[in-house]
Amino acid sequence: DMMRKIERENTGLLQAGQDLVVAGYAGLAGTVKLAEAAKEELSRWFSDEYMEEIADAAPLCPVSPEFWRSCGAAEWEPAGEGGILTAIWNLTGAYETGVEFYLRQIPMRQETVEVCERLELNPYRLYSRGCVLLTADNGGQLVRILAEKHIPAQVIGRVNKGIAREMIVQEGRGFLERPQPDEITKVIPDFFK
């Protein structure tokens, strides 16, 4: 599933003022693949149990539009190639709208953080199939409804007027850069071939 370029249609469902929500875990699908591909290197740092835990992590979220709509989402963008930051770029680009989000609020498993640290990869730009970016008029309510269905989710920011894509990090505010090649290709060069 190649990442959709900005040609994706603007259905009019995304509006300024909506909350931005991430369901599932960013970078988890890539982490599972990396644990396999870089097994030897990673086992220098991690126990066999830990490696098995990663291999068993189930990254998949439902993907049907009907499902998300029934939970109260207005719009959605599956994260895949290029990671969660590419999904944010693509969705806001399709609507030519602004966004502000807290990088640290994006849900991520500790395993992903640690594997990416060891392999010197950016987890926010790592293959994220099964993780979905959503917008909703009431993000907190959407998160609660998803929790009842055993889907982890978190409000990470909101959709704004204008076109600034602002990323709030510990050091302050910055702008989201255009999509970069998926980090997984640094370890598995032909992953998307």
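In segment 39-72, the qualifying residues are those that are at pLDDT 90 or above and open to solvent by less than 10 Å² (accessible area, probe 1.4 Å), and the one that is farthest from the chain's Cα centre (by Cα) is Leu42. Residues of segment 155-189 being acidic (Asp, Glu) and within 19 Å of Pro107 (Cα to Cα), which ones? Of everything in segment 155-189, those that are acidic (Asp, Glu) and within 19 Å of Pro107 (Cα to Cα) turn out to be Glu166, Asp182, Glu183. For Gly130, the criteria (1) under 22 Å from Asp190 (Cα atoms); (2) buried (at least 24 other Cβ atoms within 10 Å of the Cβ); (3) not charged (D, E, K, R) hold in every case but one, which is (2). Counted as qualifying within segment 1-119 are the helices (runs of 4 or more DSSP H) with 2 or more residues that are in contact (Cβ under 8 Å) with a residue 24 or more places away in the chain and under 28 Å from Arg144 (Cβ atoms), namely 28-37, 65-71, 83-95, 110-119.
In summary, Val143 fulfils each of the numbered conditions (1) surrounded by 17 or more Cβ atoms within 10 Å (Cβ to Cβ); (2) at positive phi with the single exception of condition (2).
Being under 21 Å from Ala94 (Cα atoms) and either in contact (Cβ under 8 Å) with a residue 40 or more places away in the chain or of a type in the set (Asp, Glu) (or both) is true of Leu176. The single condition among (1) open to solvent by 50 Å² or more (accessible area, probe 1.4 Å); (2) in contact with a strand residue (DSSP E or B) (Cβ under 9 Å, 6 or more places away or on another chain); (3) of a type in the set (Lys, Arg) that Lys149 does not meet is (2).
Answer with yes or no whether Gly82 is of a type in the set (Gly, Ala, Ser) and open to solvent by 30 Å² or more (accessible area, probe 1.4 Å). The answer is no for Gly82.
Considering only residues of segment 153-172 that are hydrophobic (A, V, I, L, M, F, W, C) and not in a strand (DSSP E or B), which is surrounded by the fewest Cβ atoms within 10 Å (Cβ to Cβ)?
Pass one, segment 153-172, residues hydrophobic (A, V, I, L, M, F, W, C): 153, 155-156, 159, 163-164, 167-169.
Narrowing the set further to residues that are not in a strand (DSSP E or B) leaves 163-164.
Numbers: Ile163: 12, Ala164: 14.
Here the residue is Ile163.
Which members of segment 120-150 meet the condition of being among the hydroxyl-bearing types (Ser, Thr, Tyr) and in a loop (DSSP other than H, G, I, E, B)?
Keep residues of segment 120-150 that are among the hydroxyl-bearing types (Ser, Thr, Tyr), which gives 124, 127-128, 135.
Answer for segment 120-150, where residues must be among the hydroxyl-bearing types (Ser, Thr, Tyr) and in a loop (DSSP other than H, G, I, E, B): Tyr127, Ser128.
Take the conditions of a type in the set (D, E, K, R) and surrounded by fewer than 19 Cβ atoms within 10 Å (Cβ to Cβ) and apply them to Glu96. Does it pass? Considered against the rule, which asks whether it is of a type in the set (D, E, K, R) and surrounded by fewer than 19 Cβ atoms within 10 Å (Cβ to Cβ), Glu96 comes out as yes.
The values are calculated or read from the model by the stated rules, or taken from the named source; none is laboratory data. Because the structure is predicted, anything quoted here is derived from the model rather than measured. Heads up, the Cβs are rebuilt from the backbone with ideal geometry, glycines too, and the neighbour counts pull from every protein chain shown. For the accessible areas, the whole protein counts, side chains as well, though only heavy atoms, and no ligand, DNA or RNA atoms are used. Shrake-Rupley method; radii C 1.70, N 1.55, O 1.52, S 1.80 Å.
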